[in-house]
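The values are calculated or read from the model by the stated rules, or taken from the named source; none is laboratory data. These numbers come from a predicted model, not from an experiment. Note: ideal-geometry Cβ built from the backbone for every residue, glycine included; neighbour counts use all protein chains shown.
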Amino acid sequence: MEGSNGLCICVVGLGYVGLPLAVEFGRVFDSVGYDMDVYDPVANVEDVMHNYGIELINIEGLYLNVYDAVVLTVAHDKFREIDIRRLRGSGACVVYDVKGFFDARFVDGRL
């Protein structure tokens, strides 16, 4: 991405919190430059792309990037498949759990 400062953010889950968050990240920070992945195995991939221009990644895609921040916004049972320690990587990643879904030992903040 042109002008990218190298930041990479992952939004886990769409819905009432995640979708607006992902859309607003795109609107607000586009000129700053960052990469963002969105993972939600429950959402319809075609609908999300058509309506919001967001390309969803699959579970394997979660582990391809090194993230600076991960924000969990929905507590789908399918998210139990996520290895949050692996997703965090070396520990430089900030994980914020809006739903209190992940084990508190592996997140930096939660509601």
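Tabulated data for the structure shown
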{"quantity": "Residue within the range 7-16 that is modelled with pLDDT of 70 or more, of a type outside the set (A, V, I, L, M), closer than 17 Å to VAL98 by Cβ and buried (at least 19 other Cβ atoms within 10 Å of the Cβ) present", "calculated": "yes"}
{"quantity": "Per-region count, the range 66-78, residues of a type outside the set (Lys, Arg), over 18 Å from ASP108 (Cβ atoms) and touching a residue at least 24 places away in the same chain (Cβ under 8 Å)", "calculated": "2"}
{"quantity": "Single match in LEU111, LEU62, LEU56, LEU72 (criterion: touching a strand residue (DSSP E or B) at 6+ places or on another chain (Cβ under 8 Å) and surrounded by fewer than 13 Cβ atoms within 10 Å (Cβ to Cβ))", "calculated": "LEU111"}
{"quantity": "Matching entry among LYS78, LYS99 (being assigned to a loop (DSSP other than H, G, I, E, B), among the charged types (D, E, K, R) and either within 11 Å of the chain's Cα centre (by Cα) or under 17 Å from LEU14 (Cβ atoms) (or both))", "calculated": "LYS99"}
{"quantity": "Residue count for the range 89-103, restricted to those that are at pLDDT below 85 and among the basic types (Lys, Arg)", "calculated": "0"}
